[in-house]
1. Which condition from (1) open to solvent by 50 Å² or more (accessible area, probe 1.4 Å); (2) part of a loop (DSSP other than H, G, I, E, B) is the one that E235 breaks?
2. F326 - would you say it is aromatic (F, W, Y), out of contact with any Ser or Thr (no Cβ under 8 Å at 6 or more places or on another chain), modelled with pLDDT of 95 or more and open to solvent by 10 Å² or more (accessible area, probe 1.4 Å)?
3. Taking I87, is it among the β-branched types (V, I, T), touching a Gly at 6+ places or on another chain (Cβ under 6 Å) and either modelled with pLDDT of 95 or more or open to solvent by 50 Å² or more (accessible area, probe 1.4 Å) (or both)?
4. Among L219, L191, which is open to solvent by less than 40 Å² (accessible area, probe 1.4 Å) and farther than 19 Å from H50 by Cα?
5. Which count do you get for residues in the range 52-69 that are farther than 15 Å from G85 by Cα, assigned to a loop (DSSP other than H, G, I, E, B) and open to solvent by 50 Å² or more (accessible area, probe 1.4 Å)?
6. Looking at A243, A276, which one is more than 30 Å from Y6 (Cα to Cα), among the small types (G, A, S) and either assigned to a helix (DSSP H, G or I) or touching a residue at least 40 places away in the same chain (Cβ under 8 Å) (or both)?
7. Give the range 280-333 a look and list any residue that's touching a Leu at 6+ places or on another chain (Cβ under 7 Å), within 15 Å of L262 (Cα to Cα) and in a loop (DSSP other than H, G, I, E, B), or say none.
8. Take the residues in the range 263-293 that are in contact with an Asp or Glu (Cβ under 8 Å, 6 or more places away or on another chain), farther than 18 Å from G327 by Cβ and surrounded by fewer than 17 Cβ atoms within 10 Å (Cβ to Cβ); name whichever of them is modelled with the highest pLDDT.
Amino acid sequence: MNIHEYQAKELLQRFEVATTRGKVASTLDEAEQIARELGDVDVVVKAQIHAGGRGKGEFKNGFNGGVHIRKTPQEVRKVAAKMLGQILVTHQTGPTGRVVNKVLVAESAEIAREIYFAVLLDRATAAPLIVASSEGGVDIETVAAKSPEKIIREPIDPLAGLQPFQTRKVAKQLGFESSQLKSAAKLFEGLYRTFVAFDCSMVEVNPLVITTKGDVLALDAKFNFDDNALYRHPEIEALRDVAEEDPREVEASKHGLNYIGLDGNIACLVNGAGLAMATMDIIKFYGGEPANFLDVGGGATEEQVTEAFKILIADKKVKAILVNIFGGIMKCDVIAQGIINAAKTVNLSVPLVIRLEGTNVERGKKLLKESVVELIAADDLADAAQKAVAAAKRK
């Protein structure tokens, strides 16, 4: 789950992470009033969408950039008028862009230096890791590709936590002056406490800035949370903005399905994340393009299978459906009955390729054979992928 920048700043402030003053606005009156409350300072207006590259983005109404600095409340209002309700396109949104429903109105900082700093989960060690760079304000991927020597990595012992010597060490590596070390260490420690407290998979600050006055501030923040831990954090789950998510993914989550939409035309319904990845790989191997990742899990019900088919059919790009089930906990006859129910509920207007193997496979195949569902049976995964690719091309 992702959250907006203004929400991230609110979370950081709980752990005394220094940020700029500001509030979020969803109307022009609110934007102007917040600017007045900030006083006689330069004010930055930032579009709030779940995507990076907002400053370099472009609105479909012709207005350039999702980040602007203005001096008066009236100017803030004019900028907000060009953002709110408009579609912002960045390199992360794709050409369709995202609708801006809120803007962050905050005090602008006079920046002397920009730094990248993140606490994330290192998948290789299953432990927290600090990733930082003196090259902030740009995509860290660009820095890693062009100047990998500028990337700092500091592993954190999950039992001992982030130690004071580590915060000082990283601060010195990033080039903080002696007078700034205490503030930097406090900010780093606050970010780590935030990471742990909310079961995050990433807390990223880009840029973390040093102002012309020597203050150390988290100017922009991005959070990723471990979805499996959200039951422990209802206050975090309440921050979810479904308007920023793919409607298909939102609908899938309501039924306990793991769905991610892609750009292809062969829909996949699989049990198990690893098998789903293998299914998408083999579709690509035989010249096709998967339309989604869909893991119904090991204990899916007939109702969940039916809902999964509804989501797959709703994608107008889909030209064929490949069902790949290896029955263990998930029994093949349950999947078969779910397919039959789905066929009765939705109009299956595209070819359906089915590969079943494992627990109760013969019973499942018998149910499908005795039903009126039109399908293409496959003997193994390679056979299923080839038939799905061929069916999608014919369609």
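1. Every listed condition holds for E235 apart from (2).
2. No: the conditions fail for F326.
3. When the stated conditions are applied, I87 passes them.
4. Step by step, each of L219, L191 is checked, and only L191 is open to solvent by less than 40 Å² (accessible area, probe 1.4 Å) and farther than 19 Å from H50 by Cα.
5. So the answer is 1.
6. Unique residue meeting the criteria: A276.
7. Listed by number, the residues that qualify are A291, V318.
8. Per the criteria, the residue is E289.
The values are calculated or read from the model by the stated rules, or taken from the named source; none is laboratory data. Since the model is a prediction, treat every value here as computed from it, not as a measurement. Using ideal geometry, Cβ is built from the backbone for each residue, glycine included, and neighbour counts are taken over all protein chains shown. In case anyone asks, the SASA skips ligands and DNA or RNA and just uses the protein heavy atoms, side chains included. Shrake-Rupley method; radii C 1.70, N 1.55, O 1.52, S 1.80 Å.
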